[in-house]
Amino acid sequence: MSRAELPSRRTVLAAAVVAAVAGSAGPASAGTTTAGTPTGGAGVTTDAGRAAARTVDNRAWTSYTDWRGGTAGGTRAVAGARPGLVIARPSGTTDYTDPHTGSTAAWEYATWTSPVHRLEVPATEVIASWNAHTPEGTWIQIELQGTYSDGTATPWYVMGRWAAGDQDIRRTSVDDQTDGRSTVWTDTFSVDDPATGLRLVSYRLRLTLHRRPGTRLTPTVWRLGAMGSDIPDRFTVPASEPGLAGELIVPRYSQEIHKGQYPEYDNGGEAWCSPTSSQMIIEYWGGRLSEEQLSWVDPSYADPQICHAARYTYDHQYAGCGNWPFNAAYAATFEGLQGVVTRLGSLTDLETLIAAGIPAITSQSFLEKELTGAGYGTSGHLMTVIGFTADGDVIANDPASDDNEAVRRVYKRREWENIWLRTKRYNASGRVVSGTGGVCYLYFPARPTPRQRKALAAVGVR
């Protein structure tokens, strides 16, 4: 995130879309909240407080039964505390030329294709999420194929080529994917012209698991899913009524103290709002990096884990650390955590999550004058929501702060809700540009407590 009100790659992406950690234990550093009754869901809320039509559909494959329900091509489901998918017997060998290194290598592969999922909300956008373990010598590819509302099909679109490390391949999105009716913009499938009424009504996902030939290595995929949505164009959203008051105790990290560090990762800390926010929530749940994992970071740098998060969320095609699914996948590399990308419908949804001890990472864009106390304007920024004041204002850990002590902010509820949930806005030049429409990352235990599970279900996530 840049403090300047300038177009970013994420703004270009979103504008094109608009135009067109223990299992059942609490978090290691969690504070207490004043609990309210979890309410809300994935729809928006009207002025009268009634739930409107759902605008978001989430589907995830996570269980042993789920993994056995797909079509396997050399993969098998594994049971246990955290069921998953692994290579059983490779289907073949393929050559992959990494576009970011120029190197070509042979890889054994196996595939798994999900059953067709019919969207409860015919979608203009779809964002995939996955959680996986990819030991050195392995990587995965995630693809999506859908059916339009007129009965025709999309091509298979690559939604990501991903590895937790960067020693085998460079994790990457894939540009220039379109059929003239839809396009993949980095991490988001988008119908090119929603005004025509065209929607995606169903999809299936395909995983390809890769490993070095002649080895017994395998990735393990624990979670695969997608969020489809059809968010109406809106410059403003209805106000929600304050509910919960309380605050979670979440570590505070500033991206700004990393300015100029490791500029090969999106020009250094000035643009590291997403990985900085991710690391705050990961550590809230007890995730920690070892000295060995951090040994590559200059020892003179404070908070080296932020540099690490930037490196291991970096998308080499997008040339940035703000690929939404890559951040969720990074969070899930920490033991006992899972991560998803979704959209929420109101601050009521966030209050539901906070009441269950689940903070959220939200994406928003705004002019400096639109968010009192921010002190900057941005064309795309991530921050964490950690609580609400007695008046209903938003308590956020905002990484766009001069130092760690300044990270905790309180933002006016009405201002904050609108800049997060709107899909259109005016930039500093008076031009209509896009907003994210309630996008957020949710990181939570692989084995949620009953209360956490209920809160997640209330916002459409399982």
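The values are calculated or read from the model by the stated rules, or taken from the named source; none is laboratory data. Just so it is clear, the structure is predicted and the values come from calculations on it, not from any experiment. Glycine gets a Cβ as well: all are built from the backbone with ideal geometry, and neighbour counts include every protein chain shown.
Show me the strands (runs of 3 or more DSSP E) entirely contained within region 356-462 in which 1 or more residues are assigned by TED's automatic domain parsing to the domain that holds THR333 and in contact with a helix residue (DSSP H, G or I) (Cβ under 6 Å, 6 or more places away or on another chain).
On the way: elements: 360-366, 378-388, 394-397, 408-411, 424-426, 432-434, 439-445.
Fully inside region 356-462 and qualifying: 360-366, 378-388, 394-397, 432-434, 439-445.
Annotation note: Cβ proximity below 6 Å between a residue of region 286-302 that is more than 20 Å from PRO263 (Cβ to Cβ) and of a type in the set (Val, Ile, Thr) and a residue that is modelled with pLDDT under 95 and outside any loop (DSSP other than H, G, I, E, B) (sequence gap 6+ or interchain) occurs for no pair.
Among the residues of region 138-164, those that are within 16 Å of VAL221 (Cβ to Cβ) and part of a loop (DSSP other than H, G, I, E, B) comprise ALA163, ALA164. Taking the condition of being surrounded by fewer than 19 Cβ atoms within 10 Å (Cβ to Cβ) and either of a type in the set (A, V, I, L, M) or more than 13 Å from THR378 (Cα to Cα) (or both), how many residues in region 417-428 meet it? Of the residues in region 417-428, 3 are surrounded by fewer than 19 Cβ atoms within 10 Å (Cβ to Cβ) and either of a type in the set (A, V, I, L, M) or more than 13 Å from THR378 (Cα to Cα) (or both). Quick check: is even one residue across region 127-145 among the β-branched types (Val, Ile, Thr), farther than 17 Å from GLY322 by Cα, assigned by TED's automatic domain parsing to the domain that holds LEU217 and surrounded by fewer than 18 Cβ atoms within 10 Å (Cβ to Cβ)? The answer is no, given that none of the residues of region 127-145 is among the β-branched types (Val, Ile, Thr), farther than 17 Å from GLY322 by Cα, assigned by TED's automatic domain parsing to the domain that holds LEU217 and surrounded by fewer than 18 Cβ atoms within 10 Å (Cβ to Cβ). Considering only residues in region 63-121 that are more than 22 Å from ARG161 (Cα to Cα), among the aliphatic types (A, V, I, L, M) and in a loop (DSSP other than H, G, I, E, B), the one that is modelled with the highest pLDDT turns out to be ALA79. Just one residue in the set GLY40, GLY36 is on the phi < 0 side of the Ramachandran plot, at pLDDT below 95 and in a loop (DSSP other than H, G, I, E, B); that residue is GLY36. Just checking, does region 340-351 include any residue being in contact with a helix residue (DSSP H, G or I) (Cβ under 7 Å, 6 or more places away or on another chain), surrounded by fewer than 24 Cβ atoms within 10 Å (Cβ to Cβ) and hydrophobic (A, V, I, L, M, F, W, C)? The answer is no; no qualifying residue exists. From the list VAL201, VAL237, exactly one residue is touching a Leu at 6+ places or on another chain (Cβ under 7 Å) and assigned to a loop (DSSP other than H, G, I, E, B). Which is it? Matching residue, one of VAL201, VAL237: VAL237. For LEU224, the conditions (1) of a type outside the set (Gly, Ala, Ser); (2) more than 30 Å from ALA123 (Cα to Cα); (3) at pLDDT 95 or above; (4) not in a loop (DSSP other than H, G, I, E, B) are fulfilled apart from (2).
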